[in-house]
Amino acid sequence: MGKDNGELKEYQPLLKDFQEPAQQIKVPSKSLLLAVCAAGIGGTFQYGYNISIINAPTKAVQNFINQTWTERYNTEISTQVLTLLWSTIVSIFTLGGLVGASVGGTLAIRFGRKGTLLFNNTFALLAALFMGLSYPSSTFELLIIGRFLTGVNAGIGICVQPLYIGEIAPRALRGAMAMGTSIFITGGILTGQVIGLNELLDYVFTQAGIPADKIPYATVGTGACECITALTCGLLIESLGRRALIIGGYSLMSVCCVCFTIALTFQESSPWVPYLSMICVFAFILSFGLGPGGVTNILTTELFTQTNRPAAYMIGGSINWIAFFFIGMIFPFIVNGLKQYCFLVFLVICCLVATYIFFVVPETKNKTFLEIQSEFYSKKKLIAANGTEGPLLSTPM
């Protein structure tokens, strides 16, 4: 009986005297929309903007570092040191994001979800202050500190924002409202790409044979595609369900990897083949946005109970930032080593993830957290009964 009381407390609504209406809510209230927008602008929008904007001021920042170095030491900075400092300014954002994701779950438990999001603005303001003072004070080290604090802000935001939105939204709107996380990420990316183009995509399009004067349009087009797919996924998630979108997304991404490999192999055979490569990139991004990019965050909210959810987001966020850093570092080496077959690595990953989700992850659409947990437990018991012997240890999800 004590266990039953504990479960009831776990799944009590956040508002006192709240009675779930007999007819499910289909349209979000104004206060809910404002909460999602406020959390998104101060949270994942910052993440999307800062990962794509950094290429815009490259020349200006390098000139500033060279000028400051000359004033200090009466000699011009060497190319190697300049490259090292610029790389540090760029990559320190990822380290800050990893730190933010690592402490985001702890902060969410200690200060609450809303309190953590409010406190997180402090890192953004300090980052702006340090970077703004770097030029008047002729101290380029402040840029490094500012970028690190920006990463911490982004790491906490991408960890706590979907957690907060997933918990305040009604059951019937949980998926659609959680899409606010992806919408603001892609909005930030598009804004940053309009101002400063993304280096990794430039590299991909160059390798695909796209003319240099067409690459800026192709790069901005990818950001627009991400925004469109995030909005589309928000409209489809409550009708098609989470599993259909995420499995379908990974499956389509696998097909795109195959098509892109074929296009890269025969790109010299005809002048229109490079544009087929560009179409494959757009299709890959569309597939990601319609499934994994939009559904992953809400699944993390729904598969874990309230007490374990911050830890789940902390682990997921940390893996995300480590993978972000890892791919950014090794992708050029993968391209140099595997040439046109480089995307077969991602093909294997997409196929493995789609297979795992198909057999393990339950559908969570329009279910309470208790119903989702019960179904997840039933899958665990079935796997344990078929694959192992001995008693099943009951652990909280």
task = Could you please report the charge total around residue 130, scoring K, R as +1 and D, E as -1 over all other residues with beta-carbon less than 13 angstrom from its beta-carbon?
result = 0
query = With Cβ to Cβ distances under 15 Å as the rule, what net charge do the other residues near residue 353 carry (K, R +1; D, E -1)?
reply = +2
inquiry  = Students often get this wrong: which residues of the stretch 330-374 have the backbone nitrogen under 16 Å from the point 7 angstrom along Cα-to-C-beta of residue 269?
reply    = 340-341
task = Step through the residues of the stretch 43-54 one at a time and calculate ³J(HN,Hα) from phi using the Karplus curve (6.51 cos²θ - 1.76 cosθ + 1.60, θ = phi - 60°), rounding each to whole Hz and writing x for Gly and Pro.
result = x, 6, 4, 4, 4, x, 5, 6, 7, 10, 8, 5
ask   = Where Lys and Arg each count +1 and Asp and Glu each count -1, what net charge lies around residue 88 among other residues with Cβ under 14 Å from its Cβ?
value = 0
inquiry  = Test of understanding: ordering 72, 171, 309 by Cβ neighbours within 10 Å, fewest first, what list do you get?
reply    = 72, 171, 309
query = residue 213 versus residue 78, label points 7 Å from Cα toward the beta carbon: distance in nm?
reply = 4.0 nm
inquiry  = If I stretch the segment between residue 91 and residue 129 completely, what's the gain in nm (0.36 nm per residue apart, minus their alpha carbon distance), one decimal?
reply    = 11.7 nm
Per-bin percent of Cα-Cα distances, the stretch 28-168 [10 Å] = 12, 38, 27, 15, 7, 1, 0
remark   = Computed from the beta carbon distance with a Förster radius of 22 Å, FRET efficiency for residue 348 and residue 251 to the nearest 0.05 stands at 0.95
inquiry  = Quick check on the stretch 22-78: what does the Kirkwood estimate of hydrodynamic radius come out to from the alpha carbon pairs, in Å?
reply    = 15.5 Å
key: Net lengthening on full extension, residue 356/residue 315 (0.36 nm per residue, minus Cα-Cα)   = 12.9 nm
query = Which FRET efficiency, nearest 0.05, do residue 27 and residue 122 yield, Cβ-Cβ r, R0 41 Å?
reply = 0.75
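Each value in this text was obtained by applying a stated rule to the coordinates, not by laboratory testing. These figures come from a predicted structure and were not determined experimentally. We place every Cβ from the backbone using ideal geometry, glycine too, and count neighbours over all the protein chains shown.
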